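One structure below.
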Amino acid sequence: SGDRKILLGNAITAHENALQVVTIENDPMRWSYMTVNLANALVGYSELLIGSIEKEKTLEVAIVHMESVVKAWEEGDLWVSGVDLDSNESVFEQEDRIHVQQQAKIQAFSSLAETYKKRIKGDVKTNYSLAMDAYQKSLEDYYSYIDSLRELQDKFDQPITSKHYKFQMGWVVALANLGLAYLTKVDGDELDNVNRAIEYLEDALGIIDRSM
């Protein structure tokens, strides 16, 4: 526990120092990843703290960092570009770019959702509602981008690459997280929550089946 606290403390300091150089203006994707990684390190650090006041303060700092990234995604500040069928880029170059962008977006929204569920400040129902909303937003682009990537694959007559497979696995995790969140939802109609959970989990399994 003591060693882990030291390691996390060092990681927090390293990320804070790096973010003095890496900004949303000069390297948006790296800024997104690093800011969320800093926030996740703070969440891990909070779990090692004894006093509830210190835990709450540390979690709130983590949430502020994550919310800044999520806000940037929602306002379009982080989106570089999506699928372009008329681009001179190869299918592999476009897949690679989209993979990086989508994984960064999923990481930001999913991490925020998980942190809302651990939040001490506020009431459980409100925090869980915020978590569900963040999970939902992590999947906003799912169906349109899977269809676009398939269109891209068809145009170049290329098979699904390992990068594309990993890209889809990111969606699998996001869908599974949302399904599990509905299973443990603290309010709403119980049967409706279960049905929604089944729907998202079946979507996740469907991606795995299509990727084999």
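Yes/no matrix, rows are residues, columns are (1) touching a residue at least 40 places away in the same chain (Cβ under 8 Å); (2) assigned to a loop (DSSP other than H, G, I, E, B); (3) open to solvent by 50 Å² or more (accessible area, probe 1.4 Å); (4) within 23 Å of residue 150 (Cβ to Cβ):
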position: 171; (1), (2), (3), (4): yes, no, no, yes
position: 175; (1), (2), (3), (4): no, no, no, yes
position: 180; (1), (2), (3), (4): no, no, yes, no
position: 188; (1), (2), (3), (4): no, yes, yes, no
position: 191; (1), (2), (3), (4): no, no, yes, no
position: 195; (1), (2), (3), (4): no, no, yes, no
position: 199; (1), (2), (3), (4): no, no, yes, yes
position: 203; (1), (2), (3), (4): no, no, no, yes
position: 206; (1), (2), (3), (4): no, no, no, yes
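In the set (1) crowded, with 17+ Cβ neighbours inside 10 Å; (2) at pLDDT 90 or above, residue 28 fails one condition alone, (2).
Quick one: in segment 96-124, which of the residues that are at pLDDT below 90 and among the basic types (Lys, Arg) is least open to solvent (accessible area, probe 1.4 Å)? Checking each candidate, the answer is 105. Tell me whether segment 74-83 contains one or more residues that are surrounded by fewer than 20 Cβ atoms within 10 Å (Cβ to Cβ), modelled with pLDDT under 90 and in a helix (DSSP H, G or I). Looking through segment 74-83, at least one residue is surrounded by fewer than 20 Cβ atoms within 10 Å (Cβ to Cβ), modelled with pLDDT under 90 and in a helix (DSSP H, G or I).
Determine whether residue 16 is under 15 Å from residue 64 (Cα atoms), in a helix (DSSP H, G or I) and open to solvent by 60 Å² or more (accessible area, probe 1.4 Å). Answer is yes for this residue.
Table: residues versus (1) modelled with pLDDT of 90 or more; (2) part of a helix (DSSP H, G or I); (3) open to solvent by 20 Å² or more (accessible area, probe 1.4 Å).
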| position | (1), (2), (3) |
| --- | --- |
| 7 | yes, yes, yes |
| 10 | yes, yes, yes |
| 22 | yes, no, no |
| 34 | yes, yes, yes |
| 37 | yes, yes, yes |
| 41 | yes, yes, no |
| 55 | yes, yes, yes |
| 62 | yes, yes, no |
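In segment 132-156, the qualifying residues are those that are at pLDDT 75 or above and open to solvent by less than 50 Å² (accessible area, probe 1.4 Å), and the one that is farthest from residue 105 (Cα to Cα) is 132.
The values are calculated or read from the model by the stated rules, or taken from the named source; none is laboratory data. What you see is a predicted model, and the numbers here were worked out from it, not measured in a lab. We place every Cβ from the backbone using ideal geometry, glycine too, and count neighbours over all the protein chains shown. Calculation scope for accessible area: heavy atoms of the full protein, side chains included, ligands and nucleic acids excluded. Shrake-Rupley method; radii C 1.70, N 1.55, O 1.52, S 1.80 Å.
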